[in-house]
Amino acid sequence: MEGNMINSILLIAVTVCAIASYLMGRFGVERIKKNLHLIVLGFALFMLFIGVLNYQGAQYSKNFKCVPGYITDVKSTRRYVSKHFRTEYSCVIHYTFTDGKMYYTKQDGLVDKPNENLSKVWVSRDNEEVHMFSPKSSLSSSMYNFMLAGLLFLISIPLFILHKKKYPRLSADELEDASIIGMIMSFVGGIVAVLNINAVIGNFIRHESIEYFNLDIFVVGLLITVVSIIVVVYSKRKLKY
């Protein structure tokens, strides 16, 4: 448990440093300093979203059965995704289900390297899904993410106060940029919400089960749309006066 926490913290630290280096190289130090409160708030919202995903994953798999298992045929491949090379892993999971029979399943597209020393896995009661991580570890990860999101949000408050003292009024160019970005983000968020509306609203109306992932994406798309529209309306009103 402690090892997982340390690995998560190291991964977050490396990711933050990489993103910070990219932003400084792309926009310059002064623009980063000026919008630091927004960047920190963005990280807070991102960690909150990841925490929600982990929490719902833990709730979804809380009734899974812990059974003996092991993995074989661990392989790695390099894929070119979004202008970057990414390493993905695949493996075969062997496990003994509650009926005493041995089963196996192949998993592809894994971001993290599978633990070749694992001795147990978690299987759904209908023997349809197999997880290599326990619901308890997913719940612990969600708690870490929630705490980090809260800490980043608290840090963003004094940064915002300092920003308002230094820049009490937004310029017309900044308001125009915010309006354009808001319109773009509202369009993107609307598309994301519409693409998942049948999997969420449609399934609800039909009294069918709703996948947690589809629900999360739908809610995020809806929130992006609403917040972006508020930004557009606010910017347009300020530009008039």
Residue within the range 165-180 that is at pLDDT 80 or above and over 22 Å from residue 229 (Cα atoms) present:
yes
Do any strands (runs of 3 or more DSSP E) lying entirely in the range 71-183 carry at least 3 residues that are among the polar types (S, T, N, Q), and which ones are they?
84-96
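The values are calculated or read from the model by the stated rules, or taken from the named source; none is laboratory data. Just so it is clear, the structure is predicted and the values come from calculations on it, not from any experiment.
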